[in-house]
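The numbers here are math on the coordinates, done by the rules we state, and not lab data. Values in this document were obtained by computation on a predicted structure and should not be read as measured data.
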Amino acid sequence: MYLPFPVVMTLLFAVLLPVGWLISEFQPRRWLRILLGTLSLGMCVFLAMAFASLEQLKFNSWYGTASADLMDATIAGIEEGKTKEVVAGLKGLRDDFYPTYQGRADYDKLVERFVEGVKVGE
């Protein structure tokens with residue numbers, strides 16, 4: 001498996017910095033302990049922020065895909081003359097959707113149910 005150079009270096013630092021910090025605790029050089037400890041904690045913060053950013057990108061992708069499916073099904077339903085089914089489905093989606101900061105509010109499942117409802121109305 002090939003990993004890009006920045007990923008390899010980040011993983012290397014994430015492992016070597018805490019190990020170096022642990023080893024430096026048994027040496028008389030105080031400045032080295034402080035430096036490696038600070039760098040180790042900084043690396044932890046950096047990795048936490050990087051993983052949080054990746055998680056946010058995943059949510060953005062997930063939400064965007066569900067929204068694209070919603071728009072495609074709405075347009076297809078209107079073009080096929082299923083306006084009543086589309087309006088009823090959108091009202092049901094609006095009634096069932098409760099935005100929350102804690103999670104995704106099952107938006108993808110609600111959109112999937114809407115898409116199936118528009119298709120079933122064929």
Want the number for Leu57 to Ile34: 0.36 nm per residue separation, take away the alpha-carbon distance, what's left?
-> 4.8 nm
Read through the labelled values (i) 11.8; (ii) 8.7; (iii) 11.0 and report the label of the one computed as mean projected area of the Cα convex hull in nm² from the structure.
-> (i)
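Pull out the extension gain between Thr83 and Met49, defined as 0.36 nm times the separation in residues minus the alpha carbon to alpha carbon distance; nm, one decimal.
7.7 nm
Give me the percent relative contact order of the chain, please, defined on Cα pairs under 8 angstrom at least 6 residues apart. All intermediate terms of the calculation are to be shown ahead of the outcome.
Numbers: 66 pairs, mean separation 26.7, N = 122.
This gives 22 percent for the chain.
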Summing -39500 (n - 2.57) over every DSSP H run of at least 4 in the chain, dividing by its residue total and rounding to the nearest 500, the 222 nm mean residue ellipticity is -28500 deg cm²/dmol
Under a 10 Å cutoff between Cα atoms, tell me which one of Val19, Val86, Val111 has the largest fluctuation in the Gaussian network model of the chain.
-> Val19
